[in-house]
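I have placed the structure first, in the form of C-alpha cells, so that the comments after it can refer back to it.
The values are calculated or read from the model by the stated rules, or taken from the named source; none is laboratory data. As the structure is a prediction and not an experimental result, all values here were calculated from the model. A quick note on method: Cβ atoms are made from the backbone with ideal geometry, for glycine too, and the neighbour counts reach across all protein chains shown.
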Amino acid sequence: MTRAWYRGDCHVHSHHSDGELSPARLAAGIHAGRWRPAMGNSDAHLAGQLGTPHTVVRATGRDPGALLAALRAGHSWIAASAGIDLSFTAHAAGRTAGIGERLAAPGDLPCTVRLTVRGVDGGTVTLHDERGPAHRATLRGAGAHTVEWGTSAGASGFVRAEVRDADGRMAALTNPVLLTGRVP
C-alpha cells in the first residue's frame with residue numbers, strides 16, 4: 001500500500017490552544033484504548049494564530065474516507081508552517097513503526113526512536129513518554145536535524161515528539177508511536 005503525506009487545515013483538536021498536550025491525559029487514553037489524536041487547526045484562540053497550525057496527514061489517498069481513516073488512526077502531526085517537515089519512527093528487532101502505529105517488541109528489547117526535522121533553524125526537540133519529557137536535544141543551525149533516543153517497550157508505552165523554535169514556540173508536535181511488549 002502506498003502512503004503519502006498531505007497537508008491541510010483541520011478544525012478539530014485534542015491539545016490546548018497554547019499547543020500543549022498533557023502527557024497524563026494522552027497516557028490515560030492510550031492505556032484505556034481510546035486516545036484521540038492531536039490535530040492542528042486554523043481557528044484562532046489566541047492573537048497571531050489565524051491560519052496556523054495545520055495538520056500533516058499520512059493517508060492512502062486524498063479522498064475524504066482515506067483522510068478520515070488516517071486521522072482517526074493518528075497518522076498525522078502538527079506543523080506551525082508549511083516549511084516544516086519531519087519523520088518520526090521507532091525501531092526494534094528489525095521492525096519499524098511510524099506516527100500513530102504500534103511497534104511490537106519484547107519489553108526489555110532496546111528500541112531506537114528517531115526524529116528528523118527540517119525547516120526549524122535552531123530550537124529544541126523534546127521526546128515525551130507517559131511520564132512526560134524523556135529526552136531533550138538542541139537544534140543548532142539550519143538544515144536537517146536528526147535526534148535519536150534509546151528506550152524499550154517496558155520503559156515507555158509510547159513516545160511523541162515536540163519541536164520548538166529558537167524562541168520557544170511550538171514548531172511541530174507529533175502523535176505518538178505506540179510501543180508494546182506483545183510480539184505478533
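Per-residue answers, yes or no, for (1) touching a Leu at 6+ places or on another chain (Cβ under 8 Å); (2) modelled with pLDDT of 85 or more; (3) basic (Lys, Arg); (4) under 20 Å from PHE158 (Cβ atoms):
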site: HIS31; (1), (2), (3), (4): no, no, no, yes
site: GLY65; (1), (2), (3), (4): no, yes, no, no
site: LEU71; (1), (2), (3), (4): no, yes, no, yes
site: SER76; (1), (2), (3), (4): no, yes, no, yes
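Would you call LEU21 over 21 Å from MET170 (Cβ atoms) and either part of a loop (DSSP other than H, G, I, E, B) or modelled with pLDDT of 90 or more (or both)?
Criteria not met by LEU21.
This table checks each residue for (1) under 19 Å from ALA38 (Cα atoms); (2) aliphatic (A, V, I, L, M); (3) modelled with pLDDT of 95 or more.
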residue	(1), (2), (3)
ALA80	yes, yes, no
ALA105	no, yes, no
ALA171	yes, yes, no
ASN175	yes, no, no
ARG182	no, no, no
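So ALA66 fits all but one of (1) outside any loop (DSSP other than H, G, I, E, B); (2) hydrophobic (A, V, I, L, M, F, W, C); (3) buried (at least 20 other Cβ atoms within 10 Å of the Cβ); what number is the exception?
(3)
Scan the range 78-102 residue by residue and report those that are part of a loop (DSSP other than H, G, I, E, B), in contact (Cβ under 8 Å) with a residue 12 or more places away in the chain, of a type outside the set (A, V, I, L, M) and surrounded by fewer than 17 Cβ atoms within 10 Å (Cβ to Cβ).
First, pick out the residues of the range 78-102 that are part of a loop (DSSP other than H, G, I, E, B): 80-84, 93-94, 99-101.
Imposing the further condition that a residue be in contact (Cβ under 8 Å) with a residue 12 or more places away in the chain reduces the set to 80-84, 93, 99-101.
Next, only the ones that are of a type outside the set (A, V, I, L, M) stay: 81, 83, 100-101.
Answer for the range 78-102, where residues must be part of a loop (DSSP other than H, G, I, E, B), in contact (Cβ under 8 Å) with a residue 12 or more places away in the chain, of a type outside the set (A, V, I, L, M) and surrounded by fewer than 17 Cβ atoms within 10 Å (Cβ to Cβ): SER81, GLY83.
Restricting to the range 53-63, give me the number of residues that are crowded, with 16+ Cβ neighbours inside 10 Å and more than 17 Å from the chain's Cα centre (by Cα).
0
Could you list, in sequence order, the residues of the range 98-121 that are under 14 Å from GLY150 (Cα atoms) and among the charged types (D, E, K, R)?
ASP108, ARG114 - these are the residues of the range 98-121 that are under 14 Å from GLY150 (Cα atoms) and among the charged types (D, E, K, R).
If you take just the strands (runs of 3 or more DSSP E) that sit entirely in the range 103-176, which of them hold at least 1 residues that are among the hydroxyl-bearing types (Ser, Thr, Tyr) and either within 16 Å of the chain's Cα centre (by Cα) or buried (at least 22 other Cβ atoms within 10 Å of the Cβ) (or both)? Full working, then the answer.
On the way: elements: 111-118, 123-129, 132-139, 145-151, 158-164, 170-174.
Per the criteria, 111-118, 123-129, 145-151, 170-174.
Pick from GLY119, GLY100: which is in contact with a helix residue (DSSP H, G or I) (Cβ under 7 Å, 6 or more places away or on another chain) and on the phi > 0 side of the Ramachandran plot? Walk me through it before giving the result.
Details: GLY119 fails: in contact with a helix residue (DSSP H, G or I) (Cβ under 7 Å, 6 or more places away or on another chain).
Answer to the selection: GLY100.
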